[in-house]
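Reviewing the structure listed below.
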Amino acid sequence: MSQILYIVVPCYNEEAVLHETARRLKDKLRSLEEKKVISPESRVLFVNDGSKDKTWEIIAQLHREDPVFSGVNLSRNRGHQNALLAGLMTAKDRCDMAISMDADLQDDVDAVDAMVEEYRGGCDIVYGVRSSRKKDTFFKRFTAEGFYRLMNFLGAETVFNHADYRLMSKRALEGLARFREVNLFLRGIVPMIGYRTGTVTYERGERFAGESKYPLKKMLAFAMEGITSLSTKPIRYITGLGFLIFFVSLVMLVWSIIRWAGGDTVIGWASVICSVWAIGGLILLSLGVIGEYIGKIYLETKGRPRFLIKEVLDSHEEG
Ligand code: UDP
Ligand code: MG
């Protein structure tokens, strides 16, 4: 029996690319259906993340014209990760496997074939991994690489050069549904699900149209989110740093006592000021890091919903 595939696409102000994305994804589904690899019940599921432009109108129109297109309309903008989650959770009860993909066609649509192939070979999660970052600016490449290295150093397992282009089986989606955290960083959570995984490499292109919704400020916030929601090592390092500084101060104390005993008092305004400022800075930094975690705890304990769905357009029954 052939399997139902849902391609989940979060969209925020994507009216410029939506028609082209829809056309390409539909062609992809049709070609896989012809090869009898997936069921004709497969769908492209667009999630409208509270767009301010005509994105939802376009999705609704696509759905009216062809039931291969489905849509989820969120109550407001909740960000990429939450929109993706909303789509995956909607797909979960209707599909056998779901592939998540950005709306801007940066992820090579043709990698879908290889992903489905891996799934049929028994994988529950298939990561799309970029073969290179040639098209990115030097800055983006540099910061992204630093980020992945830092994450792995901090003990959070992430797949190198993998964004949110991946296939998940129904079983993996059910696993994902049981991770209840409000501060969602899918890239870090998915590897924790386990099961058999595979990777498919692809060339990442440039945005087809429209502009990136991840300016530097958001990118930094996203990285911070990733680190603090996956690793508590920074707190441990602060403790280590405290010990280190305390040790250094003891050494300095002993040294100045020895000099004093030798009849020569250590003088120095500069050294005092510098250490006061250095330590003051470190204390503030440490408080800031700890504050980040406390903020996380605060938000997690409230357990607010991660998304609210206004409307679902899908020709499938749930179940
Ligand atoms: N996106 C979203 N909600 C947001 C911001 C972005 O659903 O608040 C979607 C966006 O429409 C796109 C995907 O997330 O499909 C990735 O965004 P983008 O391409 O702007 O990020 P980049 O590829 O530049 O990192
Ligand atoms: Mg993009």
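The values are calculated or read from the model by the stated rules, or taken from the named source; none is laboratory data. Since this is a predicted model, take the numbers as computed values, not measurements. Counting neighbours? That spans all protein chains shown, and the Cβs are built from the backbone with ideal geometry, glycine included.
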Next item on the list: Please give the number of the condition residue 168 fails out of (1) assigned to a helix (DSSP H, G or I); (2) in contact with a strand residue (DSSP E or B) (Cβ under 8 Å, 6 or more places away or on another chain); (3) over 19 Å from residue 228 (Cα atoms).
Entry: (1)
Next item on the list: Show the residue pairs that are 6+ apart or on different chains and have beta-carbon atoms under 9 Å apart, the first residue being within the range 8-31 and among the small types (Gly, Ala, Ser), the second being part of a helix (DSSP H, G or I).
Entry: 22/58; 22/59; 22/62; 31/113
Notebook entry, point to check: Which of the following residues is in the same structural domain as residue 150 (by TED's automatic domain parsing), closer than 28 Å to residue 306 by Cβ and within 16 Å of ligand 1 (Cβ to nearest atom): 180, 204?
Noted result: 204
Check: Somewhere in the range 233-253, is a residue at pLDDT below 85 and not in a helix (DSSP H, G or I)?
Finding: no
Notebook entry, point to check: Are any residues in the range 69-83 within 16 Å of ligand 2 (Cβ to nearest atom) and surrounded by 23 or more Cβ atoms within 10 Å (Cβ to Cβ), and if so, which ones?
Noted result: 83
Item checked: Top-ranked residue in the range 177-198 [being part of a loop (DSSP other than H, G, I, E, B) and of a type in the set (A, V, I, L, M, F, W, C); ranked as modelled with the lowest pLDDT] -> 184
Next item on the list: Would you mind telling me which numbered condition in (1) charged (D, E, K, R); (2) within 30 Å of residue 107 (Cβ to Cβ); (3) out of contact with any Phe, Trp or Tyr (no Cβ under 9 Å at 6 or more places or on another chain) residue 204 fails?
Entry: (3)
Margin query: Restricting to the range 85-122, give me the number of residues that are farther than 16 Å from residue 2 by Cα and part of a loop (DSSP other than H, G, I, E, B).
Written below: 11
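Table: residues versus (1) part of a helix (DSSP H, G or I); (2) at pLDDT below 85.
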site	(1), (2)
213	no, yes
218	yes, yes
222	yes, yes
228	yes, yes
257	yes, no
286	yes, no
297	yes, no
Item checked: Selection within the range 217-263 - under 21 Å from residue 282 (Cβ atoms) and basic (Lys, Arg) -> 233, 236
